[in-house]
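Step one of this worksheet: look at the structure below.
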Amino acid sequence: MLLTACEGQQRPPGAFPRPEVGVVALHPRSVAITTELPGRTAASLTAEVRPQVNGIVQARVFEEGSEVKKGDPLYQIDLASYRASYDSAVAAHQKAEAAVPSAEAKVERYQGLVKQNAVSKQDFDDARAALAQAKADVASAEANVETARINLAYTKITAPIGGRIDKSSLTPGALVTASQTTALATIRTLDPINVDVTESSTNLLNWRQAVSEGRIKFSGPDVNVKLKLENGAVYSHTGKLSVVESYVSETTGTFALRAQFPNPDRLLLPGMYVRAVIEQGVAESSFLVPQRAVTRNTKGEPTAMLVAPDGKVELRVLSVGRSVGNNWLVDGGIRSGDRVIVQGMQLVRPGQEVGAVEVTIDETTGEVRRRKQGPSQSRMQQSAGGDREPDSNPVVGN
C-alpha cells in the first residue's frame, strides 16, 4: 500500500517497481584538447658576473638577493693603477700629436725645394716617411688611450642584464683576476620566466594525424599554456609556447618545448617542478562521456549502458579517445540525445526496463548531483547505498 501511494498509480499484485537510474543526456560540443606535461622553470636570462681586469675589490655596492637593472654598479675594483695608465696614455698621445705639425712643415718645404734641385729626392722621401710615421704614432697613441680608458671603466663592474642577483661569492678586500672561473655573482631574469617540458614523438605524430584528418582543429601559432604548481594550485597567468626543438632525442624519443610566462610577483623561481597544460586545438562536434559510466567487457572494449527511448537498458561498445578531465572523449558509439547511465548501473542489466532520472556531474570532482529531489529520486538514493541527505551531500560514484 505504501509503495502504491508513492508511485501514485496501481500496480498488479506481486509486481516490482522499475529500478531507477541516474542518466546524463549527451550532446555534441566543441572540446578543447590539451596535454599535460611535466617540466621545470628556468630563468629567461642568466648572466654570471666576472671581472675583466685584475685588482683588489674595494666595495660591493649592491644588496644580495635584490633586483638590479642593466648597468647598475655591483663592485668597485681599486682603480689607482688604471688611472695612472690612462693618464700616461693620454700624455703619450699628446706627444705624438705634437710631432705631426713639424713633419708636415718639413714635407711642404722639401716639396718646393726638390723641384729646384735644392734638396735631394732621398731627403724628400725621408721627410714624407717621417710624416707618415708621426701620424701612425698618433693613431697608436689613440688606441692606447682607448685601451686604458676601457680598463679604467672595467674597474667598476656593472650588471650585464636586469634581474634578481644572488649572494656574492667574495667580500671587499679580495683579489680578483680577469676572466676568472669563479663568478662573483649570478643574475637571473625572472620576469618573464621560461618553462621547459618534453613531449614524446609518438604523441606528436598522433596529434598531426588528428589535425590532418579534421578531428582536431588547430588554433594557430599562438598556443596558450596554463601551469599547475607543485602544491596543486593553478598559476594565475597564461603563457605562450615560444620554442619547439626541431629534432627528437635518439635515446629518449622525446623533443623539448619551451613556454614563457609573465612573473610580475616573482612567484615562480628557477628550478621549480610544474606541469604545463598545453592547448593542442579544438575537437568540434565531440561527445564527452563521464568516466564513471564507462566499463570494459571481457574483450577489453570500452562499453557504456544507455537508456533507449523505449525506457530499456542498452549496452553499447564505444570508441574512446583520450581523457578530458573526468570524462572520456568518445569518437564513436554515441549519438546526440543519448542518455548514458552514470548511477545505479549495478542494479540493472541490458534489456531491462528502467526509470531514468536526470542528474548532473561536477566537472572538477566527478561527483553526481541530482537536479531536483522527489520521491523517485529518494528511492534511487537508498537503493544506491544508504540514507543520505538529498541536497547537502552528493552521491560519489563507483
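The values are calculated or read from the model by the stated rules, or taken from the named source; none is laboratory data. No experiment lies behind these values; they were computed from the predicted model shown. We place every Cβ from the backbone using ideal geometry, glycine too, and count neighbours over all the protein chains shown.
Per-structure values
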quantity	calculated
Those residues of segment 49-77 which are closer than 14 Å to Ala153 by Cβ and either of a type in the set (Ser, Thr, Tyr) or loosely packed, with under 14 Cβ neighbours inside 10 Å (or both), in sequence order	Gly71, Tyr75
Looking only at segment 311-341, and only at residues there that are acidic (Asp, Glu) and under 15 Å from Gly22 (Cα atoms), the one that is nearest to the chain's Cα centre (by Cα)	Asp338
Any hit, segment 60-73, residues being closer than 18 Å to Ser168 by Cβ and of a type in the set (Val, Ile, Thr)	yes
Residue list for segment 41-74, restricted to those being part of a loop (DSSP other than H, G, I, E, B) and not polar (S, T, N, Q)	Arg50, Pro51, Val53, Val61, Phe62, Glu63, Glu64, Gly65, Lys69, Lys70, Gly71, Asp72
Any hit, segment 345-368, residues being assigned by TED's automatic domain parsing to the domain that holds Val23, modelled with pLDDT of 85 or more, assigned to a strand (DSSP E or B) and loosely packed, with under 13 Cβ neighbours inside 10 Å	no
Which numbered condition Asp331 misses (of (1) at pLDDT 85 or above; (2) assigned to a strand (DSSP E or B); (3) within 29 Å of Val277 (Cβ to Cβ))	(1)
Segments classed as strands (runs of 3 or more DSSP E), wholly inside segment 196-310, with at least 2 members that are under 13 Å from the mean Cα position of the chain (by Cα) and buried (at least 16 other Cβ atoms within 10 Å of the Cβ)	224-228, 239-244, 254-261, 273-290
Residue within segment 123-136 that is more than 47 Å from the chain's Cα centre (by Cα), modelled with pLDDT under 90, farther than 30 Å from Ser179 by Cβ and not in a helix (DSSP H, G or I) present	no
Residue in segment 118-133 that is farthest from Ala96 (Cα to Cα), counting only those that are in contact with a helix residue (DSSP H, G or I) (Cβ under 7 Å, 6 or more places away or on another chain) and of a type outside the set (Lys, Arg)	Val119
Hits in segment 46-77 - residues which are aliphatic (A, V, I, L, M) and either within 30 Å of Asn203 (Cα to Cα) or in contact with an Asp or Glu (Cβ under 7 Å, 6 or more places away or on another chain) (or both)	Ile56
Val317 vs. criteria at pLDDT 85 or above and surrounded by 21 or more Cβ atoms within 10 Å (Cβ to Cβ)	no
